[in-house]
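First comes the structure, then the notes that go with it.
The values are calculated or read from the model by the stated rules, or taken from the named source; none is laboratory data. Computed from a predicted model, the values in this text were never measured in an experiment. Here the Cβ is made from the backbone with ideal geometry for all residues, glycine too, and neighbour counts use every protein chain on show. These area figures cover heavy atoms from the full protein model, side chains too; ligands, DNA and RNA do not enter into them. Shrake-Rupley method; radii C 1.70, N 1.55, O 1.52, S 1.80 Å.
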Amino acid sequence: MLGRLIQILVEKAQNRKLQIIRSKFLRIGENCQLQNDIIISVANRISLGNDIYIGNGATLNGLGGVTIEDGVIIGPNVFIHSANHRFRDAEYLPYDQFHVFKEVVIKENVWIGANVCITPGTVIGEGAIVGMGTVLHGEIPAYSIVAGNPYKIIGKRDERHYNDLKKKDSNYLRAKKNGIITPDYSTEINNRK
């Protein structure tokens with residue numbers, strides 16, 4: 001009984017913390033599902049579109065600006081960093097008190113797996129899929145499937161199928177919220193061709 005009471009108090013504190021953080025975002029759209037234990041810094045430079053999920057243990061540093069467009073799903077323990085310490089022409093070692101800002105942009109309907117690191121200045125193209133444990137930097141092409149460190153393009157989404165689903169407005173998080181679908185863990189789908 002005492003354990004359950006402690007759990008309820010912890011959950012209330014986490015929910016209150018999340019409400020405070022949500023109020024500080026530059027923009028936050030509808031149906032944004034942020035897990036309680038995410039870490040957000042400089043929220044007033046982070047813009048979230050609609051129908052976004054950010055998983056447990058994620059860290060978003062908005063110092064240099066972070067834009068996450070509609071329909072993005074971010075797995076657990078993802079790290080997004082939009083600034084770095086200045087070391088070139090620095091006044092101190094290993095770096096000085098100044099930062100180099102580089103906005104991170106995640107385009108529509110991107111799926112980011114667990115334990116991904118996204119470095120300052122990264123732009124992830126629409127519909128891309130990022131495999132777990134990947135380290136991203138630079139420009140990630142739309143519809144690409146990337147994985148690894150350093151990341152490599154290992155495949156590409158079927159662009160026509162993607163665009164057909166987009167035209168139908170078939171958004172997973174919205175369909176789940178509206179009770180149209182529920183995750184099905186009982187059936188395995190063989191997706192290999």
Handout entry: Long-range amide H partners of V42 with built H, under 5 Å
Key = G62
Exercise for the section: Give me the net charge of V105's neighbourhood, meaning all other residues with Cβ under 12 Å from the Cβ of V105; Lys, Arg count +1, Asp, Glu -1. Expected result: -3
Handout entry: In Hz, Karplus ³J(HN,Hα) per residue of segment 156-162 (6.51, -1.76, 1.60; θ = phi - 60°; x = Gly, Pro)
Key = 8, 5, 6, 4, 5, 4, 4
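Heavy atoms only, probe 1.4 Å: what % of the accessible area of segment 62-193 goes to carbon and sulfur, would you let me know? Kindly include the intermediate steps, with their values, before the conclusion.
On the way: 4510 of 8420 Å².
In segment 62-193, the share of accessible area belonging to carbon and sulfur is 53 percent.
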Exercise for the section: Subtract the Cα-Cα distance of Y185 and R160 from 0.36 nm times their separation in residues, and report this length gain in nm to one decimal. Expected result: 6.3 nm
Completion exercise
To the nearest 20 debye, the chain has a Cα-centred charge dipole, built from +1 on Lys and Arg Cβ and -1 on Asp and Glu Cβ, of 320
Exercise for the section: Scan around G57 for amide H atoms under 5 Å from its own, H built in the peptide plane at 1.01 Å from N, and keep only partners 5 or more places away or cross-chain. Expected result: D37, I38, N77
Fill in the blank from the handout: Karplus ³J(HN,Hα) for segment 29-34 (6.51 cos²θ - 1.76 cosθ + 1.60, θ = phi - 60°; Hz, whole; x = Gly/Pro) runs x, 7, 6, 9, 9, 10
Exercise for the section: Among S23, L48, H81, pick out the residue whose Cα is farthest towards the positive end of the charge dipole of the chain, where Lys and Arg carry +1 and Asp and Glu carry -1 on C-beta, about the Cα centre. Expected result: S23
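Report the full-extension gain for the segment H99 to Q35: residue separation times 0.36 nm, less the Cα-Cα distance, to one decimal in nm. Please list the in-between numbers first.
Details: separation 64, 0.36 × 64 = 23.04 nm, distance 2.84 nm.
That works out to 20.2 nm of additional length.
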Exercise for the section: Quote the relative contact order of segment 1-124 in percent (integer), defining contacts as alpha-carbon pairs under 8 Å separated by 6+ residues. Expected result: 19
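If you stretched the chain out fully between K176 and I8, how much longer would it get, using 0.36 nm times the residue separation minus the C-alpha to C-alpha distance? Kindly include the intermediate steps, with their values, before the conclusion.
Working: separation 168, 0.36 × 168 = 60.48 nm, distance 2.57 nm.
So the extension gain works out to 57.9 nm.
Rounded to the nearest 0.05, what FRET efficiency do N84 and M1 give with R0 = 41 Å and r taken as the Cβ-Cβ distance? Could you check?
On the way: r = 49 Å, r/R0 = 1.19.
With a Förster radius of 41 Å, E is 0.25.
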Fill in the blank from the handout: Candidates for Rg/Rh (Cα atoms, Kirkwood Rh) are [x] 0.98; [y] 0.95; [z] 1.01, and the calculated one carries label [z]
Completion exercise
With the 1.4 Å probe rolled over protein heavy atoms, segment 42-158 has an accessible area per residue in Å² of 46
